[in-house]
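Visitor: First, the structure itself, so that you have it in front of you.
We did not get these values from a lab; they are worked out from the coordinates using the rules stated. Model, not experiment: these values are computed from the prediction. Quick reminder, even Gly has a Cβ in these numbers, built from the backbone with ideal geometry, and neighbours come from all protein chains shown.
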């Protein structure tokens, strides 16, 4: 067991040192983690290259501050995907953060808690608590980190896209300790092949089962079907998806885009004909780069 833990520590250290920039990893909570149950669960990391982190019970945030020479004050908080069973921390985390960092945007990758009845009193709200806490921390440190507190957005991929879209549609109810009433509403959202809906016809079953259990109520399904939670105050959103995605149906992005349009919220939707699921920054079926389209979209909204 000790040797296995040592391997995990070494791999995580390698992840930190793999970038050309230095990063800091901080805990999301200084003291007690809300909604937690005492446990002995230990994180596990698997794979080579595209590492998959599972059994996350102690949430952290990895900081990628933009170089002051090019920093533009914008920040993005990133939630990797993994079906609420794990976190694809490289191609849906660090690589996304480094891309934003290269254009002067400070980025933050959140290793959020994964739903578990062993580690949480209510597993359905644990990831959202961590998303809200991450937004709170970034805004609290905005001056220190050379960030405009009114230009703090979020990005999420696959199930991380569900978490991001939940944070962007459920921000009026604080699930964390927030005595200073820090604004928990993201200023923009970027969603990559996101799980949006928990309806039977659209959902990614594994994500829904992991977050809500195998027999959720109709009320829970509706509450976490985020296309139904959009209103005129929902943050501007950029979505990217592939039409041939056979893991998370492209209709998830389309339904969210349509809801945004109906409510007059600025939105962009890029649908590739091919690319499948989980392509991260690089859809190998096309020379086009969604990140460049996203950058142009951010500039058009004067976020960059």
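Visitor: Using Cβ counts within 10 Å as a stand-in for footprinting exposure, how do 202, 128, 281 rank, fewest first?
Guide: Ordered from fewest to most neighbouring Cβ atoms within 10 Å, 202, 128, 281 come out as 281, 202, 128.
Visitor: Extending each Cα 7 Å along its Cβ direction at residue 220 and residue 54, get the distance between those two points in nm, one decimal.
Guide: 2.2
Visitor: Shifting gears a bit: Quick one: check the C-alpha center-to-center distance for region 43-99 versus region 121-194, whole angstrom.
Guide: 14
Visitor: Return 293, 227, 92 ranked ascending by Cβ neighbour count within 10 Å, so the fewest neighbours appear first.
Guide: So the ranking, lowest neighbour count to highest, is 293, 227, 92.
Visitor: Can you tell me which of 96, 173, 221 moves the most in a GNM of the chain? Springs connect C-alpha atoms under 10 Å apart.
Guide: Result: 173 has the largest fluctuation of those listed.
Visitor: Springs between alpha-carbon atoms under 10 Å, Gaussian network over the chain: tell me which of 161, 86, 104 tops the mean-square fluctuations.
Guide: The residue with the greatest mean-square fluctuation here is 104.
Visitor: Considering the chain as a Gaussian network with a 10 Å cut-off on Cα pairs, which listed residue, 243, 168, 83, attains the greatest mean-square fluctuation?
Guide: Taking springs between Cα atoms under 10 Å, the residue moving most is 243.
Visitor: Taking R0 as 45 Å, what FRET efficiency do you get between residue 67 and residue 41 from their Cβ-Cβ distance, rounded to the nearest 0.05?
Guide: Working: r = 37 Å, r/R0 = 0.82.
My answer for the efficiency is 0.75.
Visitor: Return the distance in nm (one decimal) between the two label points of a simple spin-label model at residue 205 and residue 143, each offset 7 Å from Cα along Cα→Cβ.
Guide: Placing both labels 7 Å beyond Cα along the Cβ direction yields 5.3 nm.
Visitor: Which FRET efficiency, nearest 0.05, do residue 292 and residue 263 yield, Cβ-Cβ r, R0 22 Å?
Guide: 0.20
Visitor: Which value in nm describes the separation of the simple spin-label points at residue 121 and residue 24, placed 7 Å from the Cα toward the beta carbon?
Guide: 3.1
Visitor: Quick one: if the Förster radius is 25 Å, what FRET efficiency do residue 244 and residue 282 give, using the C-beta to C-beta distance and rounding to 0.05? Mind dumping the intermediate values first?
Guide: On the way: r = 16 Å, r/R0 = 0.65.
After rounding to 0.05, the efficiency reads 0.95.
Visitor: Let me ask you something else. Among 40, 286, what is the fewest-to-most ranking by other Cβ atoms within 10 Å?
Guide: 40, 286
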